[in-house]
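One structure is given below, encoded as structure tokens.
Each value in this text was obtained by applying a stated rule to the coordinates, not by laboratory testing. These numbers were taken from a predicted model, which means no experiment stands behind them. A quick note on method: Cβ atoms are made from the backbone with ideal geometry, for glycine too, and the neighbour counts reach across all protein chains shown.
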Ligand SMILES: [Zn+2]
Ligand SMILES: [Zn+2]
């Protein structure tokens, strides 16, 4: 492209998660954020979902850098995968604040991808020329320290990208910077919308600390505390309260340990060494002297809390009189597992505190409708684009922006892959570029497709059936009669139904021996006869795997 500026969301609009925004000028490409999304149960066995960046990979030589706004998974988690997709021709500059880079480094080391990029710290307020525009980070209030919004200065005006923010705890420097920008004029605002359905601001972090302090003061025995491992502000408050009340702190869960170490190393949390004790020592200390901070606030079965609640933790077991604090609200989809954990904790004799039963026990990192309205009033942008939200949230933003005086055609609802062209005349929707989702399943990236998922769904809902038989290579006659092994198919695991199915397969094989077709055709015939027989009897269509060998 020659002139103008093109913005294309590659993820994170019309959905919550896998934030990734492409910026394109005549001088190059810039990616903002590299987030993952966690799959729901529809995607059986899928670990992660990441954005498809084929468009950028095809233009790899023009990519000037990747900017990460903060250390949450939905902004940082796909970085190793995206760097791998971009290849290793040269190190790609990755920019971010100090904590972001610390978290990114740990993630890249896990994936052995450090050599693919050049991590470069960007101070708040410093101006970085990149691909024909300038980029500046400004500090925002969010649930992780060092979270940044972006100020992008281009030939077509100033763009403010809030990324995740709330106004309630906005650092003064950030608010001042936005106020001064408003005076010089903001062309376009890109705003977080994920909490726009809540009219009022979230409780402040200090109100949450007060709640925690009160629960600690009343706790008769051990305290077990869980929140998002990335919520370092909350973890810091809990450590302070523990120190005040003479309790030692133990940490359980790999991501919690890792994030705490990075935050201490970077000077974001000051924790005296003598306050921290290993888990096995914590288990031997008097109950009243211990708090254990652990992973599991989303009910993850493999987390420390998950294993503890179900009696499967190596060291930790729930005891009568334990106090368990869940300082997080379940993400939609996790509600059932979180509830099951709470049930088990109560059953084991623990006192359990969780939202909303205990008020002010969690504070969101995102702006409410009221705060988004205040931001629109402060910045008075000419144009606005809602981001980081599902369609209805983006629509609510559009209506709110109109209430604040923006003309309807100046608020553009974005979609993944649809370019937005910005020039002196305005902002218009452009064409679609290659984009979409890539599924990550264990160590394979992108190889799980619709066929694999359909098979997994069939296995889950209809069961599986393996039919094995051995035929003579020379005559095609049956050497070992067919045997059927079924899992998850009612009345197929033994009994007369199974015997009859095996008899039908034998008949197919005997008929086949007369005309000696290829093995593949015999397999297909077995499959279709069995499928029809089972469907007639059970109305199920299990996966059928014929294993016909020849001797
Ligand atoms: Zn965030
Ligand atoms: Zn986010």
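When DSSP beta bridges are limited to those with both residues in the chain, what percentage is antiparallel, rounded to the nearest 5?
50 percent
Once both axes come from the Cα atoms, what is the angle between helix 254-265 and the longest principal axis of the chain, in degrees from 0 to 90, rounded to 10?
20 degrees
How big is segment 450-550 by Rg and Dmax over its Cα atoms, in Å?
So, for segment 450-550, Rg and Dmax equal 13.6, 40 Å respectively.
Translational diffusion coefficient of segment 308-431 at 4 °C, 1.567 mPa s, Stokes-Einstein with Kirkwood Rh over Cα pairs, in µm²/s as a whole number.
This corresponds to a translational diffusion coefficient of 70 µm²/s.
Just report the Cα centroid separation between segment 355-434 and segment 251-330, whole Å.
Each part reduced to its Cα centre gives a spacing of 37 Å.
For segment 450-550, what proportion of DSSP beta bridges, expressed in % and rounded to the nearest 5, is antiparallel?
45 percent
When the Kirkwood radius is taken over all Cα pairs of segment 130-231, what Stokes-Einstein diffusion coefficient follows at 37 °C and 0.692 mPa s, in µm²/s?
It comes out at roughly 203 µm²/s.
Per-residue counts of other Cβ atoms within 10 Å, averaged by peptide: what ranking do you get for 305-317, 343-355, 419-431, 133-145, highest first?
133-145, 305-317, 343-355, 419-431
Can you give the Kirkwood hydrodynamic radius for the chain, in Å, rounded to one decimal and based on Cα pairs?
26.6 Å
Counting residues in segment 205-353 as N, plug N into 2.2 N^0.38 Å and put the Cα Rg over that result.
0.95
Could you order peptides 197-209, 270-282 by the average number of other Cβ atoms within 10 Å of their residues, highest first?
Highest mean packing first, the order is 197-209, 270-282.
So what is the 222 nm mean residue ellipticity for the chain from helices alone, if each DSSP H run of at least 4 adds -39500 (n - 2.57) and you divide by all residues, rounding to the nearest 500 deg cm²/dmol?
Dividing the helical sum by the residues of the chain leaves -10000 deg cm²/dmol.
Using alpha carbons only, how many degrees (0 to 90, rounded to 10) separate the axis of helix 232-244 from the longest principal axis of the chain?
70 degrees
Which whole-number percent gives the relative contact order of the chain, counting Cα pairs below 8 Å spaced six or more residues apart?
Over the chain, the number comes to 15 percent.
So what's the convex hull volume per residue for the Cα atoms of segment 72-149, in Å³?
With only Cα atoms used, segment 72-149 gives 95 Å³ per residue.
Which of the peptides 374-380, 188-194, 26-32 is most tightly packed, and how do the rest follow, going by the mean number of other Cβ atoms within 10 Å of each residue?
My ranking of the peptides, most packed first, is 188-194, 26-32, 374-380.
If you line up the long axis of helix 369-379 against the longest principal axis of the chain, both from Cα atoms, how many degrees apart are they, to the nearest 10?
In the chain, helix 369-379 runs at an angle near 50 degrees to the longest axis.
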